[in-house]
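As structure tokens, the structure follows; a few thoughts come after it.
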Amino acid sequence: MNYTANDVKALRDATGAGLLDCKKALNETNGDVAEAEKLLKEKGLAAMAKRTDRTAAEGRIVVKQDGNKIAIAETLCETDFVSNNADFINVAEKAAEVTLSKKTSGVLPEHKELIDSILVKFRENMSVKRAEYIEVPAGCVASTYVHHDHKIGAVVVVKGSEAESVKDFAHVCCLHLASNKPDYINQSDVPQSYIDEQTEIFKAQMAEDPAMAKKPENVKEGILKGKVNKLLASNCFMDQPYLDNEKITVKQALAEAGKAAGANLSFEKIILFVLGK
């Protein structure tokens, strides 16, 4: 044996690998700790490569803020066990910190380096899936929210006033996003292909309803249009019933918040991360 117990400990500390894996790596490298660390990391990368087709549906969403600078990052793994591990949590936190420090949206090489640092320990399909950087302009307020299970995160920036009431409104909008999880912000964002697909589904359902056969074509067309509009409204943030007052839409709540603050408000930025979506 060309290594000591301290060498094994140093290798475990550096890689997070198990005791037997560390001893095997040291045996294969004749006790060279640096080479053993390199070998373990290569094996970790190889193991991950074999798992890229496996679903990574667990993980963690993290938001970091420094003054008017905000970063949100989503880091994925395969199992809930790993997502709750301190080392994985640390990497997820650092992923957001990297985005904040680099002031750049998107997945960066530094994010991959963070993932590589824990591959030896977990050998799961892991990745930083997405990350966004936001700078809040003057005259705007921002609010952020991460759900207690870290599977939903939201950032809302409202333009037009820095009043406390507007900050409160932005916060409720974050909660609204997390609660309702809209697929789109405005109806104009909805792809026509989705609208066409849903229209055909509603047509087929109506054709199977005997009561519909007796209705005039113009009435059926009105019913079909109503069904489509209702679906779009339920999936679009601006048209959803506002969380704090479901008698009005988010769009109407925005207008009311502006009236109360004596300002013309608009949404500068809206971000919703739902884990794995």
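Figures for the structure shown
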quantity	calculated
Residue 156 being of a type in the set (Val, Ile, Thr) and out of contact with any Ser or Thr (no Cβ under 8 Å at 6 or more places or on another chain)	no
Only one of 141, 82, 120 that is of a type in the set (Val, Ile, Thr), crowded, with 19+ Cβ neighbours inside 10 Å and at pLDDT 95 or above	141
Flag for residue 87 being surrounded by fewer than 20 Cβ atoms within 10 Å (Cβ to Cβ), farther than 30 Å from residue 248 by Cα and in contact with a helix residue (DSSP H, G or I) (Cβ under 6 Å, 6 or more places away or on another chain)	yes
Odd one out for residue 215 among (1) modelled with pLDDT of 95 or more; (2) outside any helix (DSSP H, G or I)	(1)
Condition met for residue 200 (among the charged types (D, E, K, R), at pLDDT below 95 and exposed (fewer than 15 other Cβ atoms within 10 Å of the Cβ))	yes
Residue within the stretch 165-175 that is of a type outside the set (Asp, Glu), crowded, with 17+ Cβ neighbours inside 10 Å and assigned to a strand (DSSP E or B) present	no
Residue selected from the stretch 123-138 under the condition assigned to a loop (DSSP other than H, G, I, E, B) and at pLDDT 95 or above, by the criterion surrounded by the most Cβ atoms within 10 Å (Cβ to Cβ)	136
Residue count, the stretch 184-209 (criterion: part of a helix (DSSP H, G or I) and farther than 28 Å from residue 250 by Cα)	6
Qualifying residue in the stretch 222-242 (condition: crowded, with 17+ Cβ neighbours inside 10 Å, part of a helix (DSSP H, G or I) and among the small types (Gly, Ala, Ser))	no
Residue that is nearest to residue 271 (Cα to Cα), among those in the stretch 66-83 that are acidic (Asp, Glu) and either in a strand (DSSP E or B) or touching a Cys at 6+ places or on another chain (Cβ under 9 Å) (or both)	74
Residue list for the stretch 111-137, restricted to those being of a type in the set (Gly, Ala, Ser) and closer than 28 Å to residue 67 by Cβ	131
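The values are calculated or read from the model by the stated rules, or taken from the named source; none is laboratory data. Computed from a prediction, not measured in an experiment: that's the story for all the values here. Cβ sites come from the backbone with ideal geometry, for glycine too, and all protein chains shown count toward neighbours.
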